[in-house]
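Read through the structure below, which is laid out as structure tokens, and then see the notes.
The values are calculated or read from the model by the stated rules, or taken from the named source; none is laboratory data. Small disclaimer: the values here were computed from a predicted structure and weren't measured. Positions of Cβ are backbone-derived with ideal geometry, glycine not excepted, and every protein chain shown enters the neighbour counts. Heads up: the accessible areas ignore ligands, DNA and RNA and are worked out on the full protein's heavy atoms, side chains in. Shrake-Rupley method; radii C 1.70, N 1.55, O 1.52, S 1.80 Å.
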Amino acid sequence: MFAGLDKIDWLSLEHAYGPAAEVPEILRGLVSSDPEARELAYEDFADALHHGGDVYEPTALCVPFLLEAVFEPSTPQRAELLGLIASVCGVDDTGLDTWTPGEPDPHENHRHAATARAFVGAELPQLLTLFDDPSVEVRRALPIVLAVCQEHWTTTLSVLRSRITAEPDPHARAAVVQAVGMIAPHLEEDAELDAALAWITERAADNDRPIVQLRALATLADIDPGALPDDVASIAAAAVRAVDGTSVAQHVLSLDTALCGRTAERTALITELLSCGSNDVRRLGCALARALVREWRGDHSELARRVGALLVTPELAKDATETLDYFGPDAAPAADALLAAQDGSPHLLRALARTGDARAVSAVREALGRKDIPHDIGGMLYGIRAHALPLLPLLLERLSDVNDVRRRGGLLTAIGNLEHTGADAAPNLVELLESGARDSALFYALRALGPASAAATSTLRQLCTEHPFDAPLALWRIAGDPVPALAVIDASDNGMRLAAALGPAATDALPLVRARLAEACDAWSRMHAALALWEITGDAEAVVPALITAWRGSSHCRTVVARCLAEIGPAAHTAEGLLRAELAQPRRHNVGVHFADAVSEDQELLRACSNFLGFFGPTQGN
């Protein structure tokens, strides 16, 4: 095998890390009888020859040898090699690369992938013989490789369509549908495209072949969503019920992904899955529900109730808890189920607390009474911050015996969130400060309590050099003394935050603030400078354009910007359109950033937008 491999001057070619001298060793490793050697070779190929999906000249030159290995029946993992060939030829989760010479290709990846496709096309006759291969895994991997043969699509499509009746394996038939779906969007002749779409639509209506039907529905959702039946959710759910749920998970996931922003159809599909008798299918429904709610706004109450109902099933309780935790406040309709399921699990408690339900207070109280309080006690307390005042004595009791910084920070933040109503905590906080504690959460709690923390002023003054943001800010909030803060205000974001906190008392810092606003290059810095200018001067004319620029510059600035615009009121009328557009967006503003309270933070943005737009009434025509 691999005659001529060593005749290629691999050293003169380059991959991701330089000269490609080790290519022969990698290729021989891919066909090794030693599983560990094969695994290492696959890793090396992905890292050096297909790094981040890139295709280099030596990568393309590997394809004839990979095909030779596939054609040899004794080669191990032939299906995996076919998958590797497809990837090199430009197949990924988004579809198929169909670059042609003359199109932009700054790094020559597309050109090399086109070379790889030409190698595959040259072997099309022998590839087609693999439809009769005894290996079902090979027959499942083959259709996607055939889809890359752009110069031979007429032949390929004809063969693929004929396989739907000849192929005995349902998953191999589903791969045929997927391959036709990859080719269809790139067909230049309308008649060819219409024929391909009609063929896929027929498969989507074939209730006797549920696996093929699911793949066809997912394909239509991706390339021709208008052709989907109105009852796509119930059709898909019936197909799932007709087969082993685990065997079609990938097809259902593909359908859900392709439906994207069509949240009504996705919700209906997930609701059906959560109602299935198979635990595997309901577990899949939980996973899809998490993805939907994390990315898309809307009414998720029915999903929350359906997931909540799974808490009583021991095999599904963990999945249901994780899902409702993702929901955050959108899990409120499942609060009764979460309350009934409380068993001491910190994950269950956190999911309940994040709903904001006042009944979570008793469960949090119980958790605070344990020897080892939950590691994420801060997240739990944040969820019920509006109801936490009765917990203050217990919070203070635990504060004295908790040494873990994260747990103590959660307790301190909870006390600070009580603001002036938590004034009774001041002596304990002062004592903690004087004992040497310097947590940022402690400074936050002290300043949040305001004048009640007056006994801390002497120590805070001594800490202004060591803690040039937290200590001066606390002194301002507690004693109304601006001098320490004025002494450390600079052009940093923290400097602007101090200036904003002081408001008119920071008038002497105005030149610095205006200069910072003029030179700020990123959205966050511009936002902080604009907030400082507003708090000091109340000059809406100068501030609103900067806030709008910050809004456009980073979606993660939007909640703070919207709050400031609501404070400015009608004078910020030029931002009305932006905030109305945000309210109309179905997608959450913080998609792609993974943190526990993402749904809650998105809802805070929507509330801030609504508060601002309340000054202007409904849009014209409503």
Exercise. Can you pull the percent of the range 470-622's accessible area that's carbon plus sulfur, 1.4 Å probe, other chains left in place?
Worked result: 53 percent
Exercise. Distance from the Cα centre of the range 1-49 to that of the range 538-591, in angstrom?
Worked result: 54 Å
Seminar exercise, completed: For the chain, longest principal axis from Cα atoms; helix 558-568 axis from its Cα atoms; angle between them, nearest 10 degrees, is 40 degrees
For this session: Taking amide H positions as placed in the peptide plane 1.01 Å from N, state which residues far from R587 in sequence (5 or more) or on other chains have amide H under 5 Å from it.
Result: R297
Problem set entry | Angle between the chain longest axis and helix 523-537 axis [Cα atoms, degrees, rounded to 10] | 20 degrees
For this session: Order these peptides, 596-602, 349-355, 331-337, 193-199, by their mean beta-carbon neighbour count within 10 angstrom, highest first.
Result: 349-355, 331-337, 596-602, 193-199
Seminar exercise, completed: Read-out Cα extents along the principal axes in Å, candidates [x] 86, 61, 57; [y] 74, 73, 62; [z] 86, 61, 43; calculated match is [x]
Exercise. Along the range 75-90, what does the Karplus equation 6.51 cos²θ - 1.76 cosθ + 1.60 (θ = phi - 60°) give for ³J(HN,Hα), rounded to whole Hz, x for Gly and Pro?
Worked result: 5, x, 6, 5, 5, 5, 5, 4, x, 5, 4, 4, 5, 4, 7, x
Problem set entry | Ranked order, T154, T201 - accessible area, probe 1.4 Å, largest first | T154, T201
Problem set entry | Efficiency of FRET between A491 and L389 - r from beta-carbon atoms, R0 51 angstrom, step 0.05 | 0.80
Exercise. Got a number for carbon plus sulfur as a percent of the range 1-90's accessible area, 1.4 Å probe?
Worked result: 51 percent
Problem set entry | Segment A238-A340, length gained on full extension (0.36 nm per residue, minus Cα span) | 33.6 nm
Exercise. What's the center-to-center distance, using Cα atoms, between the range 91-130 and the range 274-293 in Å?
Worked result: 37 Å
Problem set entry | Average Cα contact separation per residue, the chain, under 8 Å, 6 or more apart, as relative contact order % | 6 percent
Exercise. In whole percent, how big is the carbon plus sulfur part of the accessible area of the range 143-212, probe 1.4 Å, protein atoms only?
Worked result: 47 percent
Exercise. Using 1/(1 + (r/R0)^6) with R0 = 45 angstrom and r between the beta carbons of D54 and D404, what's the FRET efficiency to the nearest 0.05?
Worked result: 0.50
Exercise. Simple spin-label model, 7 Å along Cα-to-Cβ: H573 to E151 in nm?
Worked result: 6.5 nm
Seminar exercise, completed: Counting Lys and Arg as +1 and Asp and Glu as -1 over every other residue whose Cβ sits under 9 Å from the Cβ of T257, the net charge comes to -3
Exercise. Given only helices, namely DSSP H runs of n ≥ 4 each adding -39500 (n - 2.57), what is the per-residue ellipticity at 222 nm of the chain, to the nearest 500 deg cm²/dmol?
Worked result: -18500 deg cm²/dmol
Exercise. Considering only protein heavy atoms, what per residue accessible area in square angstrom results for the chain with a 1.4 angstrom probe?
Worked result: 44 Å²
Seminar exercise, completed: Between H15 and residues 5 or more places away or on another chain, the pairs with built amide H atoms under 5 Å apart involve A20
Seminar exercise, completed: Relative contact order as a percentage, the range 496-622, C-alpha pairs under 8 Å and 6+ apart, gives 22 percent
For this session: Rank A291, S400, H171 by how far each Cα sits towards the positive end of the charge dipole of the chain (+1 on Lys, Arg Cβ; -1 on Asp, Glu Cβ) and give me just the farthest.
Result: S400
Problem set entry | Potential lengthening between R461 and L510 on full extension [0.36 nm per residue; Cα-Cα distance subtracted] | 15.2 nm
Seminar exercise, completed: Candidate cut points under GluC sites (Glu not before Pro) in the range 1-62, DSSP loop plus at most 13 other Cβ atoms within 10 Å of their own Cβ, are none
For this session: May I ask you to list the GluC sites (Glu not before Pro) in the range 100-140 that are in a DSSP loop and have at most 14 other Cβ atoms within 10 Å of their Cβ?
Result: E108
Exercise. With each label point set 7 Å from Cα along the Cα-Cβ vector, what nm distance links R111 and R580?
Worked result: 5.1 nm
Problem set entry | Of the GluC sites (Glu not before Pro) in the range 245-341, those whose Cβ has at most 14 other Cβ within 10 Å and which sit in DSSP loop | E315
Problem set entry | Virtual spin-label span in nm between S278 and H420, 7 Å along Cα→Cβ | 6.0 nm
Problem set entry | Over the range 342-440, relative contact order from alpha-carbon pairs under 8 Å, at least 6 apart, % | 25 percent
